[in-house]
Amino acid sequence: MTKLGEFISWIFVSLLLVWVTGMVFAGEKCTRVYRSAWPVTYTMSAIESLSKHWVDDDMKLKLLLWKAKTTVATQGFFEKTVYGDEAKCVK
């Protein structure tokens, strides 16, 4: 593997470890549900930041809308999969 590939894989593993640690040490169910969408939220935030100089306002709004819909869908999926009908968290 190249040095760049190793660097990217270390970054990915580190971010995955931070996400899992954040999920494990959350005290409440709803906090875990909110944190389940961290990868989506932060990936879309990075895309928005990187593309802000190259896209128009309409596309920025579409990216923001897609981020919100995907975050809520991810939280809903995690909530149903892990907790079933027990947890009812406001999104």
### Query
Percent relative contact order of the chain, based on C-alpha pairs within less than 8 angstrom and at least six residues apart?
33
#### Entry: Assigned charges on the beta-carbon of Lys, Arg, Asp, Glu; the chain dipole about Cα centre (debye)
80
### Query
Taking region 21-91, which GluC sites (Glu not before Pro) meet the DSSP loop condition and have no more than 14 other C-beta atoms within 10 Å?
28, 86
### Query
Just how many pairs of Lys in the chain have C-alpha atoms closer than 29 Å, counting pairs that are eight or more places apart or on different chains?
23
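Which helices, taking whole DSSP H runs in the chain, have alpha carbons extending 27 angstrom or more along the helix axis plus mean Kyte-Doolittle at least 1.0?
3-24
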### Query
List the trypsin sites (Lys or Arg not before Pro) in region 36-72 that DSSP assigns to loop (not H, G, I, E or B) and whose Cβ has at most 16 other Cβ atoms within 10 Å. Which are they?
52
### Message
How long are the semi-axes of the equivalent ellipsoid of region 3-83, defined as square roots of 5 times the Cα gyration tensor eigenvalues? Whole Å, largest first.
### Response
25, 21, 8
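Every read-out reported here was derived from the displayed coordinates using simple, explicitly stated rules and does not represent laboratory data. Only a predicted model underlies this, so the values are computations on that prediction, with no experimental measurement involved. All Cβ positions, glycine included, derive from the backbone under ideal geometry; neighbour counts span all protein chains shown.
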